[in-house]
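Just below is one structure, and these are the notes that go with it.
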Amino acid sequence: MTAAPNFDAIVIGSGMSGMYQLYRLRELGLTTRVLEAGTGVGGTWYWNRYPGARFDSESYSYQFSFSKEMLDEWDWSEHFAGQPETLRYLDRVADKYDLRKDIQFRSRVKSAHWREADRQWVVGLEDGTSYSCRFLITAVGPLSAPTMPNIPGVDSFAGESCHTARWPHEPVSFVGKRVAVIGTGATGVQTIQEVAKTAKSLTVFQRTPNWCAPLLNSKIAPAEMAEIRANYPAMFQRCLETFSCFLHTPDLRKTFEVTDQEREAFWEKLYASPGFGIWLGNFSDMMTDRAANAAISDFVANKIRQRVKNQAVAEKLIPKNHGFGTRRVPMETKYFEVYNQDNVKLVDINETPIERITPTGLTTSDIEYEFDSIVFATGFDAITGSFDRIDIRGTDGQRLKDRWSHGPETYLGTMVDGFPNMLMLMGPHMALGNIPRSIEHNVDWVTDLMRHARDRKIVRIEPTPQEVKAWTDHVKELGMGNLLFEVNSWMTGVNTNVEGKQVRIVNRYSGSAPAYRARCDAVAASGYQELALAQ
Ligand code: NA7
């Protein structure tokens, strides 16, 4: 029972966090195997190949910062790069650091069971093989468990159909086709504006409209790229200092502190500026003061009314059950103008619900539609979903899914008591924000802990139940008063297509990224006194 494990560490997933974790663990000299379900690296950027998929964060602020060589070598062609370019970038990182030699592709992890007797995890794959390891590092991603809609007959459609996160690797043409898109989140919006360009007809089935705002993407000329590159140290420093690691951060003023004219001019400027500024660089009380939130919502609603010709359609596109910014703001490029096209129809499924999907299309309460293609842009079982899909069992056979049945409980978003030696990258209760920035800190912190363990021959690491409770309570407290937590969305753990996920929970850290990092760094500086460490 005391045989050495197959690997010092197994990392589940080769998205950006898994790739960087592998790179860092190699530096420590730990034997590491990355298990990846797909056939290539890149995670989100590998799976989400749907038409129009692209960054909503500035390309250069989203890339890895750990490698000066990569920063020097890679030129971004657009301020908000498309998915093919991002995947090419991640493939290049994998090539440059020869990451693939420790990544096992086509290997979906089905189970991970802790074995106390020899303090190892036993990790089982879908094909029946299993490996043991001392440390299990999950790099499964917060938005990687796609969900199909729970509409009767969903599997019966005989034409082309696909979930956006399972898009084929071969190009898909919509030229001359009758296409349906179900779902109008960030993914649906990007898909719709692209498909509308070529489809013979596009019918959009919308359940909840979202507050979308202009992305205003543009190309980067070589001279501008040189300027951007020269500014990298200052840019990454800024990302470390802002609330959620973006280039944008809230304006310190409050909405009604300024004159009506100043407020209007500020919002006009934000609406006409590229990227997330209007969401993340707005007045500081936008997400906590109802009147402030209502005012910006009115401003954006009027923009929609100006852009959509048919006012009945415009009203359908304006959210009525939540305020601006309380759900993830989809960034768009002429999205609203799509509804001025003759080939595009918007169906509000609250008025005419989808009754079933049929072999030839779908039926709503009033019409039977025929389609050549149906695109499911119906989102993900977010944050905890990718954990739930693996049978993870800790001490005494306790299942993580059961443990989290009323919402996640974690220590710093990286560990759970009862699940020793399991370290989560970008797990629940983490600051999401500009994800690669958070990933780099998270991976560096885990790597330091691994180094500490290696140097002291520590073979078992577990947070205490008290510390898990304290962090979980802290995360919940931070969410109080934030309007975002009063609205159903993936950010509050609600997914109508998943049993048991109809109730809002606090599944992510909503404090500032600098505060999160300071807390983590203090734990490391104390020699991890809050953790139970055993040799
Ligand atoms: P989202 O934002 O969760 O959007 C999913 C969309 O699909 C949303 O409009 C849903 O409506 C709709 N949906 C889901 N299930 C159904 C059913 N059963 N019937 C009709 N419509 C349905 O996922 P995305 O992929 O767009 O974006 C996720 C994140 O990935 C995004 O925020 C980025 O950060 C990257 P609902 O709003 O629930 O009424």
Among (1) open to solvent by 30 Å² or more (accessible area, probe 1.4 Å); (2) without any contact (Cβ under 8 Å) to a residue 40 or more places away in the chain, where does Gly479 come up short?
-> (1)
So Phe64, is it within 16 Å of the ligand (Cβ to nearest atom), hydrophobic (A, V, I, L, M, F, W, C) and either modelled with pLDDT of 95 or more or not in a loop (DSSP other than H, G, I, E, B) (or both) | no
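Somewhere in region 181-194, is a residue of a type in the set (A, V, I, L, M, F, W, C) and touching an Asp or Glu at 6+ places or on another chain (Cβ under 8 Å)?
Taking region 181-194 and keeping what is of a type in the set (A, V, I, L, M, F, W, C), we get 181-182, 186, 189, 192.
With the extra rule that they be touching an Asp or Glu at 6+ places or on another chain (Cβ under 8 Å), the set shrinks to 186, 189.
Yes, that holds for at least one residue.
Just the residues that are surrounded by 22 or more Cβ atoms within 10 Å (Cβ to Cβ) and at pLDDT 95 or above, please, taken from region 496-506.
Matches in region 496-506: none.
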With the checklist (1) away from the ligand (no atom under 16 Å from the Cβ); (2) open to solvent by 70 Å² or more (accessible area, probe 1.4 Å); (3) touching a Leu at 6+ places or on another chain (Cβ under 8 Å) in hand, flag the one item Val344 doesn't pass.
-> (2)
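Counting residues that are more than 16 Å from the ligand (Cβ to nearest atom) and either surrounded by 13 or more Cβ atoms within 10 Å (Cβ to Cβ) or of a type outside the set (Gly, Ala, Ser) (or both), which strands (runs of 3 or more DSSP E) fully inside region 116-175 reach at least 2?
On the way: elements: 120-125, 130-138, 160-163.
Output list reads 120-125, 130-138.
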Could you say whether any residue in region 490-500 is free of Cβ contacts under 8 Å to residues at least 60 places away in the same chain and more than 16 Å from the ligand (Cβ to nearest atom)?
-> no
Evaluate region 4-14: report whether one residue or more is open to solvent by less than 10 Å² (accessible area, probe 1.4 Å) and assigned to a helix (DSSP H, G or I).
-> no
Would you check if Val93 is more than 16 Å from the ligand (Cβ to nearest atom), open to solvent by less than 30 Å² (accessible area, probe 1.4 Å) and farther than 30 Å from Glu241 by Cβ?
-> no
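For the condition hydroxyl-bearing (Ser, Thr, Tyr), in contact (Cβ under 8 Å) with a residue 40 or more places away in the chain and away from the ligand (no atom under 16 Å from the Cβ), what is the one hit in Thr191, Thr184, Thr242?
On the way: Thr191 fails: away from the ligand (no atom under 16 Å from the Cβ); Thr184 fails: away from the ligand (no atom under 16 Å from the Cβ).
Only one candidate qualifies: Thr242.
The values are calculated or read from the model by the stated rules, or taken from the named source; none is laboratory data. Computed from a predicted model, the values in this text were never measured in an experiment. Every residue, glycine among them, receives a Cβ derived from its backbone with ideal geometry; neighbour counts consider all protein chains shown. Areas reflect the complete protein model, heavy atoms only, side chains present, ligands, DNA and RNA absent. Shrake-Rupley method; radii C 1.70, N 1.55, O 1.52, S 1.80 Å.
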